[in-house]
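Here's the structure, in structure tokens; my notes come after.
The values are calculated or read from the model by the stated rules, or taken from the named source; none is laboratory data. Because the structure is predicted, anything quoted here is derived from the model rather than measured. Here the Cβ is made from the backbone with ideal geometry for all residues, glycine too, and neighbour counts use every protein chain on show.
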Amino acid sequence: MNKSKYLLLFISFLLNYNYSISQENKLQNNSSKNKLKIGLVLSGGGTRGFSHLGVLKVLEENNIPIDLIIGTSMGSVVGGLYSAGYSVDELHNILNTTNWNEILSFTDITDRRSVFFDQKQNFDRKQLTIRFDGLAPVIPSSFTSGQRMSTFINRLVLNSIYRPSPSFDNLKIPFRTVATDLISGKRVVIDKGNLSEAIRASISVPLLYTTVKLDSFELTDGGLLSNIPVEVAKDLGMDIIIAVDATSPLRNKNQLNAPWEVADQLIGIMVQQANSISLSKASVVIKPNLDNFISWESRDVNKIVQSGAIATEEKIQLIKSLLLPETVLNKESITNNNSSQQIIKNYSIQGNNLITNLEVYSIFNSILNTPYDKDKLTFYIEKLLNLCRKKGLTLAMIDSSYFNETTNTLNIILDEGTIDEIILVGKRNTRSWVINRELPFKSGDMFTYDKALQGISNLYATNYFNQVFIDAYYEGTTSKIIVTTTEKESQRINLSIRMDNERQLRPLIDIRDENFLGAALEIGGTAILGQRDFNTILEIKSHRFLDSYYNFSIRGFYEQQDFYTYSNDSTFKIENQFSRIKEKELRTINEGISFTFGRQMEKFGNVNIGYTIENNKFNFLPNSKTEEDAQYGVFHISSFIDNRDKYPYSTEGSVFNFTYETSHRINSEGKGYSRIFFEFEQIQKIYKSIVYHPHLIFGSADKTLPYNKQFYLGGEISFIGLRENDSRGRQLFSLRNELSVKLPFTILFDTYLLARYDLGKVWPTRESLKLKDFYHGF
């Protein structure tokens, strides 16, 4: 009988004291029926919106309770993150440590190290890209997709304590963000779903960042229609509305140079009257003194934040005068009537596997021998969840908490966050398995912050998507990971052009479908139509075959190049120096088909084996008499590693290339050839902007190596001081030493100072190799 009694008592307390942060938040917001509801409206204004943080700080210090936050543009960023549980100090630190010039950049550069080795060559090439929807060219709607901004917001939301599930009312403070629908021209108030996506939609500056597709909406900057959305607060039943105006004044004549500055001015003109009307409806208007700051200027975050605090201090007495006495919180007076006499003697935490007992002890030990109080418990639970977030447990939540009055024990059940369901949103042509294979997690796995960021990086690096978001939340007891993608058109044409004094004019056109049939197959062709080069390639390849890391390619090629041969100038008599003169002009032609199969080594390299059937021939110009014509079957094995951070002007990383070829003759008698090539380079930053770059090349082949396949030395990249393809041979040694310094000023572009010393030589045979023959170049 006693056991049944205690069991019923336990169940009763479990039902009465079952507790989660989002449930408690609703309790607090609805606990006082007569309390005036206070809404905080945060305007747009670019980086001037950092001043909102100073406003929040002063309101906190004066115990002004906020029932709802509504944000537009930068107000959405600050308000959304604050509502999600970030403290003022945490947000201030984020603002101070973020490289805003990079986040707000108009360029969208994928991290070179996040793409597969096969893709790096195309990644390094500077080119104009035109995408097609069928046969119709797709005109870009913005300068950039804004993925840098999207990822910045996404990672902060993923690491926040509170989660929409999916309503934004479940955040620490209920939140709304305002955007503009380009299709209907109407204001859209977002109150649920992916918080990252909602914030990103509100900050999508027209022409600069792509719109965010949400349901049937094409969402862009909320400031177009409602830069200070006071009306939204009124519509949602707020009694007192505090509006913060961080909007920018109109630019002066000297600030209207770039197209986006003119666009910003036009928007400013259009919303002036609407801003004035909105402000007239607010109970209190806080306008920080930001005369010395313009939108998107982040040179002094602390001063911008301080200006918000100063402006709020000036209005704090007015705010208090509008409130009922019980509306201003006196935190010391908050008690829990149900358990006011109960003292916490023990606590029990269950479900912690990655969080150690010692870490739990450091948080909850100070709660022992204190009265049980739900508001105090919220503080400790937030500390526990904050620890979970620091350990990367993005989905960690409090499954339940209850206080056992019989044993005076506080019981907390922690769910560290395993994945129940992965939902793909936004995909059109790309197969689900292509997206899933790029995600470093699956159902049943523990979901972590690092895995989420890796998934975003992997998906964006495929070049199949304009935008990628990953969201995590609970719907009931089911944990859901939402992967939202916006696809690019996969058919595209790349155009580029190069001109130099060696190869002269070389236009390039590359036509391909990068995601053929949505199955991550790449099919296309490249042509170089130069004055001294005529090269064409047709190929089909896969960087990852199905769900594996194996790759393959089939390519047909035709390569025609014209070269000069050089010899020493016998009339040049300066000791220890030499001069080279043109001797003959020749044309080499390689054509054939190649089959390659290999395996990716993560994103930094690969190992391949292959077989090529090719025809090699050359003749001297201007006559067309063929000097050599031979068909070979070539077996080749190679290994490549390239983890440079960027190209050119890398600051760190290394390159390794090893290739071995052996061949047999197909169309005539004669021997095949064997050829080995080795290359290694290391890029090392030795002091700030000073980079040291050694580069070693070694090649060796037998006497049967045909002219077309011989090693060469000379040219801007190969050997400084020698003309391109100055020397050819079957044995090669080259050592390059380069020191580069990035200058503190730019001449139109980033400017570098280079010092370089080259040592090298090619020889026709191993027997002729002599150290005294080495060339020196600097």
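Remarks
- Here segment 405-418 is the region considered, the condition is being surrounded by 19 or more Cβ atoms within 10 Å (Cβ to Cβ) and farther than 16 Å from Thr356 by Cα, and the residue that is farthest from the chain's Cα centre (by Cα) is Leu410.
- Verdict on Pro507 being assigned by TED's automatic domain parsing to the domain that holds Ile554 and either modelled with pLDDT of 95 or more or out of contact with any Phe, Trp or Tyr (no Cβ under 6 Å at 6 or more places or on another chain) (or both): yes
- Candidates in segment 628-666 are the residues that are in contact (Cβ under 8 Å) with a residue 40 or more places away in the chain and over 28 Å from Asp124 (Cα atoms); of these, the one that is surrounded by the most Cβ atoms within 10 Å (Cβ to Cβ) is Tyr632.
- Looking across segment 472-518 at every residue that is over 24 Å from the mean Cα position of the chain (by Cα) and of a type in the set (Asp, Glu), the one that is farthest from Ile423 (Cα to Cα) is identified as Glu502.
- Filter pass, Val178 being of a type in the set (A, V, I, L, M, F, W, C), surrounded by 24 or more Cβ atoms within 10 Å (Cβ to Cβ) and under 21 Å from Asn93 (Cα atoms): no
- Filtered residue count, segment 224-273, keeping only those that are among the aromatic types (Phe, Trp, Tyr) and modelled with pLDDT of 75 or more: 0
- Qualifying residue in segment 439-452 (condition: of a type in the set (Gly, Ala, Ser), farther than 20 Å from Gly193 by Cα and in contact with a helix residue (DSSP H, G or I) (Cβ under 8 Å, 6 or more places away or on another chain)): no
- The set of residues from segment 497-539 being farther than 24 Å from Pro137 by Cβ, aliphatic (A, V, I, L, M) and free of Cβ contacts under 8 Å to residues at least 24 places away in the same chain comprises just one member, Met499.
- The residues on offer are Val78, Val88, and the sole one that is buried (at least 21 other Cβ atoms within 10 Å of the Cβ) and not assigned by TED's automatic domain parsing to the domain that holds Lys451 is Val78.
- Matching residues, segment 573-602, being crowded, with 17+ Cβ neighbours inside 10 Å, at pLDDT below 90 and among the hydroxyl-bearing types (Ser, Thr, Tyr): none
- Residue in segment 369-379 that is surrounded by fewer than 12 Cβ atoms within 10 Å (Cβ to Cβ), out of contact with any helix residue (DSSP H, G or I) (no Cβ under 9 Å at 6 or more places or on another chain), outside the structural domain of Ser165 (by TED's automatic domain parsing) and under 19 Å from Asp445 (Cα atoms) present: no
- Considering only residues in segment 544-570 that are in a loop (DSSP other than H, G, I, E, B) and over 39 Å from the mean Cα position of the chain (by Cα), the one that is surrounded by the fewest Cβ atoms within 10 Å (Cβ to Cβ) turns out to be Ser570.
- Across segment 347-395, the number of residues qualifying as farther than 22 Å from Tyr473 by Cβ and assigned to a helix (DSSP H, G or I) comes to 17.
- Total residues in segment 191-222, condition surrounded by fewer than 24 Cβ atoms within 10 Å (Cβ to Cβ), among the hydrophobic types (A, V, I, L, M, F, W, C) and under 18 Å from Pro166 (Cα atoms): 1
- Residue in segment 755-768 that is without any contact (Cβ under 8 Å) to a residue 40 or more places away in the chain, more than 23 Å from Phe620 (Cα to Cα) and part of a loop (DSSP other than H, G, I, E, B) present: no
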